[in-house]
1. Given the whole protein assembly as supplied and a 1.4 Å probe, what does the accessible area of V4 come to in Å², nearest 10?
2. Taking the full set of protein chains and a 1.4 angstrom probe, give the accessible area of Y19 in square angstrom, rounded to the nearest 10.
3. Rounded to the nearest 500, what is the chain's calculated 222 nm mean residue ellipticity when only DSSP H runs of at least 4 contribute -39500 (n - 2.57) each, over all residues?
4. Return the subset of K11/K36; K36/K60; K36/K66; K34/K60 for which the Cα-Cα distance in this structure is over 20 Å, preserving the input order.
5. Does a label point 7 Å from the Cα of Q56, set along Cα-to-beta-carbon, have any residues of region 1-41 with amide nitrogen under 16 Å, and which are they?
6. Relative to the longest principal Cα axis of the chain, at what angle does helix 23-32 sit, 0 to 90 degrees, rounded to 10?
7. Determine the order of R41, R61 by accessible area, beginning with the largest, at a probe radius of 1.4 Å.
8. For helix 55-67, what angle does its Cα long axis make with the longest principal axis of the chain, in degrees from 0 to 90 and rounded to 10?
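The values are calculated or read from the model by the stated rules, or taken from the named source; none is laboratory data. Everything numeric here is computed off the predicted structure, so don't read it as measured data. Heads up, the Cβs are rebuilt from the backbone with ideal geometry, glycines too, and the neighbour counts pull from every protein chain shown. These accessible areas exclude ligands, DNA and RNA; they are computed on the full protein's heavy atoms, side chains included. Shrake-Rupley method; radii C 1.70, N 1.55, O 1.52, S 1.80 Å.
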Amino acid sequence: MYFVYILISNKDRRTYTGYSNNVERRLAEHNSGKVKATKYRRPFHVFLTEEFKTEQEAKKRELWWKSGA
């Protein structure tokens with residue numbers, strides 16, 4: 001299973017959207033500063049997750065969220 005996740009920064013209230021097969025691990029990576037794009041905006045908490053059967057479906061949905069549609 002793959003998940004699209006939206007995180008909210010507790011620091012600046014902005015969101016970050018991504019996909020992964022393990023949301024808990026990815027949240028830990030974001031909050032530990034291992035992700036360059038979010039390093040200076042931590043800590044984060046999960047706002048939304050969506051579950052998909054394939055990685056391709058998850059990527060497509062992530063792009064939809066990032067497009068602002």
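1. It works out to around 0 Å².
2. 60
3. Dividing the helical sum by the residues of the chain leaves -10000 deg cm²/dmol.
4. The answer is K36/K60; K34/K60.
5. It comes to 1-2, nothing else.
6. On a 0 to 90 degree scale, this one is about 20.
7. Details: R41 35, R61 70 Å².
Accessible-area ranking of R41, R61, largest first: R61, R41.
8. Long axis of 55-67 versus the principal axis of the chain: about 60 degrees.
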